[in-house]
Amino acid sequence: MLPGRALFGFAGALTVLGSGYWLMRGQKKPLYCAFCNPSDLAHIVFEDENFIAFHDRKPDAALHLLVVPRKHYGTVKELTTDDQELVIRMLSLGQRLLREAGFSEEKTRFGFHVPPFNSVHHLHMHCLGLPFKPRYAELMFPKDGGRGFILSKHLIERLEKTDVDMKSASAWK
């Protein structure tokens, strides 16, 4: 098993990180997170001190990038109103990368999987340059969001509301 790869299973996901460390959904990050510092990923398209962006290893669209903060966040459910600027910056970076790759705004989609529909316990935004490949992949990334996927712009709106508890089930309806 390669470091930083997720193992999928009905009961949940395990992530294999460097040094043989196994991270189960809900656990705190180890001292070293391979998803924050993916030196083994060959398809990095952007990196700076705050973010890294790379090609998804199993693309679901003509272009499928992941934008990842270097600081460890587990999932969208762990975000607070203080993290709204982080999501805005992730979206801005993703939009820029897809625009530079030749995708018009109408042919893009940006969002996050919501637990338990995420496979990696590290916050990452999907940046999709359409069309979907294969077509049924659109079911995982619905254009108006859905139960297991939230569009980045909708997440930003939710984070504006100071009274929303992102961990409660009602926040995701």
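The values are calculated or read from the model by the stated rules, or taken from the named source; none is laboratory data. All values reported here derive from a predicted model rather than from experimental measurement. Cβ sites come from the backbone with ideal geometry, for glycine too, and all protein chains shown count toward neighbours. The protein model used for the area step is the full one, side chains on, heavy atoms only, and it has no ligands, DNA or RNA in it. Shrake-Rupley method; radii C 1.70, N 1.55, O 1.52, S 1.80 Å.
Numbers below:
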{"item": "Extension reserve of the Y136-E47 stretch, reckoned as 0.36 nm per residue once the Cα distance is removed", "result": "29.0 nm"}
{"item": "F117 accessible area, 1.4 Å probe, all protein chains in place, Å² to nearest 10", "result": "120 Å²"}
{"item": "Taking the stretch 41-169 and dividing mean pair separation by its residue count, relative contact order in percent (alpha carbons under 8 Å, at least six apart)", "result": "30 percent"}
{"item": "Sequence-distant residues sharing a close amide H with F51 (under 5 Å, placed H)", "result": "R70"}
{"item": "Rg to Rh, two decimals, where the stretch 115-154 supplies the alpha carbon set and Rh follows Kirkwood", "result": "0.94"}
{"item": "Cβ-derived FRET efficiency at R0 45 Å, R70 paired with K143, nearest 0.05", "result": "0.95"}
